[in-house]
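The values are calculated or read from the model by the stated rules, or taken from the named source; none is laboratory data. Note that the coordinates shown come from a computational prediction; the quantities given were computed from them, not determined experimentally. FYI the Cβ positions are ideal-geometry reconstructions off the backbone, even for glycines, and counts take in every protein chain you see.
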Amino acid sequence: MTHVLFLLFLGVLSVTAAAQAPTTAPAAAPLSVKQQAALFIDTWQQQSLLQLTDMSVPEAVRIQRFRQIYRSAFDVPATARFVLGRYWNVATPQEQNEFMQLFEHLLMQTYRQKLRRYKGHSAKVLGASDLPNGQYLVGASFTNPTTGRIAQLGWQVGISGNRFVILDLQIEGFSVAGLLRNQYADVIQRGGGRVEALLYQLRLAVSEGGTVIR
């Protein structure tokens with residue numbers, strides 16, 4: 001599994017590097033799965049920041065490019081089911097589908113806004129640690145070159161099929177998915193246990209171009 005994931009992630013780059021390496025050089029030790037997870041996040045962060053801060057292209061293009069990068073890395077269905085919690089089984093198939101679409105849009109906007117704050121920061125991936133169920137927590141830091149202030153992030157990474165996927169983000173120890181799960185449950189409870197109450201608020205947030213529901 002480790003060898004397959006490594007080849008899938010590095011793709012042509014690994015083939016090219018191998019072709020250019022001296023024939024007498026010793027073979028590099030294969031990366032562990034945790035090292036691959038850290039490399040996955042490092043590459044994703046760099047690509048995301050590049051697309052979000054490339055001022056040579058219009059903002060609409062930057063947003064579209066980030067959307068593609070986001071969808072290639074996040075397991076939105078798994079995160080959506082976790083965030084909706086026990087109300088996922090209460091929702092009708094139509095409500096589940098609409099929630100998935102609205103949630104993806106708002107979550108993408110949330111991550112886009114958070115990552116844009118780190119423009120010009122020095123980004124560093126600190127390595128990965130094991131989590132239950134075969135998942136990993138990849139630590140990352142962003143250092144403000146002016147103030148020296150360091151923001152600590154933790155990317156929760158899982159494996160879906162034969163690829164790495166992002167499931168959650170911890171900011172200063174707080175889980176984004178966990179906070180949303182509690183917030184959404186509160187909205188549904190105040191709406192009489194109806195998922196439609198949450199969908200109404202999510203529609204408003206999307207129409208207003210924001211990320212926060214009331």
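Given (1) among the hydrophobic types (A, V, I, L, M, F, W, C); (2) part of a helix (DSSP H, G or I); (3) modelled with pLDDT under 95, identify the lone condition not met by L169.
Status for L169: all satisfied but (2).
Could we say that V206 is within 21 Å of F74 (Cα to Cα) and at pLDDT 95 or above here?
In short, no.
Go through region 102-132 residue by residue and tally those that are part of a helix (DSSP H, G or I) and surrounded by 14 or more Cβ atoms within 10 Å (Cβ to Cβ). Lay out the reasoning, then the answer.
In the first step, residues of region 102-132 are kept if they are part of a helix (DSSP H, G or I); the result is 102-116, 132.
From the residues that got through so far, the ones that are surrounded by 14 or more Cβ atoms within 10 Å (Cβ to Cβ) too are 102-112, 114-116.
Final tally of qualifying residues: 14.
Enumerate the pairs (first residue in region 194-209 and β-branched (V, I, T); second residue anywhere and part of a loop (DSSP other than H, G, I, E, B)) with beta-carbon separation below 6 Å, excluding pairs fewer than 6 apart on the same chain, so at least 6 apart or on different chains.
Once the first residue is β-branched (V, I, T) and sits in region 194-209, its partners that are part of a loop (DSSP other than H, G, I, E, B) give V195/A91.
Across region 65-101, what is the total count of residues that are free of Cβ contacts under 8 Å to residues at least 60 places away in the same chain, farther than 19 Å from Q201 by Cα, surrounded by 13 or more Cβ atoms within 10 Å (Cβ to Cβ) and not charged (D, E, K, R)?
Matching residues across region 65-101 total 5.
Looking only at residues that are among the aromatic types (F, W, Y) and crowded, with 19+ Cβ neighbours inside 10 Å in region 149-206, which one is farthest from the chain's Cα centre (by Cα)?
Y184
Condition (residue is in contact with a Gly (Cβ under 6 Å, 6 or more places away or on another chain), of a type in the set (G, A, S) and part of a helix (DSSP H, G or I)) applied to region 193-203: is it met by at least one residue? Can you show your working first?
So in region 193-203, the residues in contact with a Gly (Cβ under 6 Å, 6 or more places away or on another chain) come out as 197.
Right, trim to of a type in the set (G, A, S) and you get 197.
Add one more test, that the residue is part of a helix (DSSP H, G or I), and what stays is 197.
Taking every residue of region 193-203 in turn, at least one turns out to be in contact with a Gly (Cβ under 6 Å, 6 or more places away or on another chain), of a type in the set (G, A, S) and part of a helix (DSSP H, G or I).
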